[in-house]
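Asker: Got a structure for you, written out below as structure tokens; questions coming shortly.
The values are calculated or read from the model by the stated rules, or taken from the named source; none is laboratory data. Model, not experiment: these values are computed from the prediction. As a convention, Cβ positions derive from the backbone with ideal geometry for all residues, glycine included, and neighbour counts pool all protein chains shown.
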Amino acid sequence: MAWKIILAIFVLFILWLIFIYNNLVRRRIRINEAWSDIEVQLKRRYNLIPNLVNTVKGYASHEKNVLERITSLRAQTSQVQNKKQRMEIENNLSNTLKTLFALAENYPELKANQNFLELQNELSDTEDKIQAARRFYNSVVKDYNTSIEIFPQRILARIFKFKPAEFFRTQEKEKQTPEVNF
């Protein structure tokens, strides 16, 4: 009788370990899914940027450095594989796009251009979706990081080498209003 109880406890313990492990794996996969959501929105933004830059070029040709910076940052994002570096470049691109929209305020003809307005609205909508995807990603990262730090899951997470995930952080300069000099 005692060996049946010991066997039942052992089986329950193994099932409990499997449950915890599978839960950690599900959370890690959810992080990848959330990152993929960010990338989908970023791809949408990348597709809009060349059209926006070309529209602005005709009106604000002397703002060449802003347009070149946008084009350069867009190109850099496709070359970087590291998530942390990618996050940094994406934050810089968001800042530069804000500067471009601030510049547009000084060109009434550009602001009245239907093409520009549509692109600006699309890009603004995309930026909102990127922000929502970043919030979702950070929420998933928080849940995952919490789950690998709480006892007793922490023990199993260490045994199977589950590492904390990085949050998508906003850079200090992104929190500031873009500066436009003339």
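Asker: Count, please, the residues in region 1-28 that happen to be more than 21 Å from ASN145 (Cβ to Cβ) and touching a residue at least 60 places away in the same chain (Cβ under 8 Å).
Answerer: Just the residues of region 1-28 that are more than 21 Å from ASN145 (Cβ to Cβ), to begin with: 1-16, 18.
So of that shortlist, the ones also touching a residue at least 60 places away in the same chain (Cβ under 8 Å) come out as none.
Residues that pass the stated criteria total 0.
Asker: LYS173 is checked against (1) of a type outside the set (A, V, I, L, M, F, W, C); (2) modelled with pLDDT of 80 or more; (3) over 30 Å from ILE14 (Cβ atoms) and fails just one. What number does that condition carry?
Answerer: Only one criterion in (1) of a type outside the set (A, V, I, L, M, F, W, C); (2) modelled with pLDDT of 80 or more; (3) over 30 Å from ILE14 (Cβ atoms) is unmet by LYS173, namely (2).
Asker: Next question, about the same structure. Determine, yes or no, whether GLN76 is in contact with a helix residue (DSSP H, G or I) (Cβ under 7 Å, 6 or more places away or on another chain), surrounded by 12 or more Cβ atoms within 10 Å (Cβ to Cβ) and at pLDDT 85 or above.
Answerer: no
Asker: Sticking with this one: What's the number of the only condition in (1) within 16 Å of LEU67 (Cβ to Cβ); (2) at pLDDT below 80; (3) among the aliphatic types (A, V, I, L, M) that LEU117 fails to meet?
Answerer: Among (1) within 16 Å of LEU67 (Cβ to Cβ); (2) at pLDDT below 80; (3) among the aliphatic types (A, V, I, L, M), LEU117 violates only (1).
Asker: Taking region 140-158, which residues are in contact with a helix residue (DSSP H, G or I) (Cβ under 7 Å, 6 or more places away or on another chain) and more than 10 Å from ILE31 (Cα to Cα)?
Answerer: SER147, ILE148, GLN153, ARG154, LEU156, ALA157
Asker: Additional query: For region 122-130, indicate whether the set of residues that are of a type outside the set (Val, Ile, Thr), at pLDDT 90 or above and surrounded by 13 or more Cβ atoms within 10 Å (Cβ to Cβ) is non-empty.
Answerer: yes
Asker: Still on this structure: Go through the residues of region 45-62 one by one and say whether even a single one is modelled with pLDDT of 75 or more, β-branched (Val, Ile, Thr) and closer than 30 Å to GLN153 by Cα.
Answerer: no
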